[in-house]
Amino acid sequence: MNVIAIHGGAGTLRKTDMTAELENAYRGGLEQALTLAYENLKNGGTSLDAVAIAVKSLEDYPMFNAGKGSVFNSIGKHEMDAAIMDGQYLKAGAVCGVSNIKNPVLLAKAVMQQTDHVLLSGEGAMQFARQVGVEMEEDAYFFNELRHQQWIDLKESEVFQLDHSDKKFGTVGAVALSSDGNMAAATSTGGMTNKKFGRIGDSPIIGAGTYANNKTCAVSCTGHGELFMRSVVAYDISCLMEYKGMSLKDACQLVVYDKLVKIGGEGGLIALDNNGNIELPFNSEGMFRGCIDKDGNMKIEIYR
């Protein structure tokens, strides 16, 4: 069976705040990513390739806070993070604090496949990108008027913001199960508007924002990264399944609606297990999300 699920961020997403045109644009971006990834799976592609294809599509779509749509940091630059993980061999690759990388998820994949490391950061990661020929872009490629205005509104303050004013956790991610039974997960983000001091969130941290293990599940998170790191959310769900024998649904519900809520952790995640079951839980008002299930049915949703 082939299964794919994706997200484009969670947060304060209300239908009353969204124009029909804007909603259609978000839905279009999600549908495009799902379709490309699912076609890959149907044609015999790996789950690892599928999640990279889905996340790359979302990175190229300026509506989402990753790749081209990344937010500005405190000095008006873009610093992006991404991770990818293979559930068959527990191999993983990640990058953090990178600039001018067109598709950070592809750089993370290169780290996994072409080095003995898991996580490369900053200038070293960019040096590696140049060495292996990962596509780069000038600053102008990443310029987005909405994102720029969000930064202008905050840049003289000590405030940082989770994407849009009115909390929106801008991250994109994908999880997939291929017909050979292998799972994979990938996550990519531009982080927080006006973030300082080289701040890194949960997205590139294996076990916090991204995790895949064929024994249990594949998970990609979106939310207030600090709380997701402190809770080791993605790995916690896998552990609850492996060591307590919980179902994917029960593990996700415990982590998202109980454990995270108790420490003020807002956001959500996408997850699937090795039977093709999909869970898309979130404790915020909405989450951009979509999936194609084991019967080939596509579903795209934004609101609760």
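How about segment 26-63: which of its residues are among the aliphatic types (A, V, I, L, M) and at pLDDT below 95?
To start, the set of residues in segment 26-63 that are among the aliphatic types (A, V, I, L, M) comprises 30, 33-34, 36-37, 41, 48, 50-55, 58, 63.
Of everything in segment 26-63, just one residue is among the aliphatic types (A, V, I, L, M) and at pLDDT below 95, namely Met63.
Listed here are the residues, each with its yes/no results for (1) part of a helix (DSSP H, G or I); (2) within 25 Å of Arg304 (Cβ to Cβ).
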| residue | (1), (2) |
| --- | --- |
| Ile4 | no, yes |
| His7 | no, yes |
| Leu22 | yes, yes |
| Tyr26 | yes, yes |
| Gly29 | yes, yes |
| Asn40 | yes, no |
| Gly45 | no, no |
| Ala54 | yes, yes |
| Met63 | no, yes |
Next item on the list: Output the number of residues of segment 180-212 satisfying the condition of being in contact with a Leu (Cβ under 9 Å, 6 or more places away or on another chain) and farther than 19 Å from Val232 by Cα.
Entry: 5
Note to self: List pairs: first residue in segment 75-93 and closer than 22 Å to Ser179 by Cβ, second residue of a type in the set (S, T, N, Q) and in a strand (DSSP E or B) anywhere in the structure, Cβ distance under 7 angstrom, at least six positions apart or on different chains.
What the structure shows: Met85/Thr210
Notebook entry, point to check: Considering Thr171, Thr189, which residue is at pLDDT 95 or above and among the β-branched types (Val, Ile, Thr)?
Noted result: Thr189
Next item on the list: Would you check which residues across segment 267-300 are modelled with pLDDT of 95 or more, surrounded by 17 or more Cβ atoms within 10 Å (Cβ to Cβ) and charged (D, E, K, R) and list them?
Entry: Asp273, Glu279, Arg289, Asp293
Check: Restricting the first residue to segment 256-283 and requiring it to be in a helix (DSSP H, G or I), which pairs with a second residue that is crowded, with 24+ Cβ neighbours inside 10 Å meet a Cβ separation below 6 Å and a spacing of at least six or different chains?
Finding: none
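Quick check on Lys109: is it assigned to a helix (DSSP H, G or I), of a type in the set (D, E, K, R), over 12 Å from Val172 (Cβ atoms) and touching a residue at least 12 places away in the same chain (Cβ under 8 Å)? Give the steps one after another, and end with the answer.
On the way: assigned to a helix (DSSP H, G or I): yes; of a type in the set (D, E, K, R): yes; over 12 Å from Val172 (Cβ atoms): yes; touching a residue at least 12 places away in the same chain (Cβ under 8 Å): yes.
Yes: the conditions hold for Lys109.
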Next item on the list: Only one of these is under 17 Å from the mean Cα position of the chain (by Cα), over 23 Å from Val219 (Cβ atoms) and surrounded by fewer than 24 Cβ atoms within 10 Å (Cβ to Cβ): Lys42, Lys102, Lys15. Name it.
Entry: Lys102
Check: Got a number for residues in segment 225-246 being touching a helix residue (DSSP H, G or I) at 6+ places or on another chain (Cβ under 6 Å) and not in a helix (DSSP H, G or I)?
Finding: 1
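Going through Lys249, Lys299, Lys195, Lys215 one at a time, which residue ends up being among the basic types (Lys, Arg) and assigned to a helix (DSSP H, G or I)?
Values: Lys299 fails: assigned to a helix (DSSP H, G or I); Lys195 fails: assigned to a helix (DSSP H, G or I); Lys215 fails: assigned to a helix (DSSP H, G or I).
Within the list Lys249, Lys299, Lys195, Lys215, the selection yields Lys249.
The values are calculated or read from the model by the stated rules, or taken from the named source; none is laboratory data. In this text, all values refer to a predicted model and were calculated from it rather than measured experimentally. Positions of Cβ are generated from backbone atoms using ideal geometry, with glycine treated the same way; all protein chains shown enter the neighbour counts.
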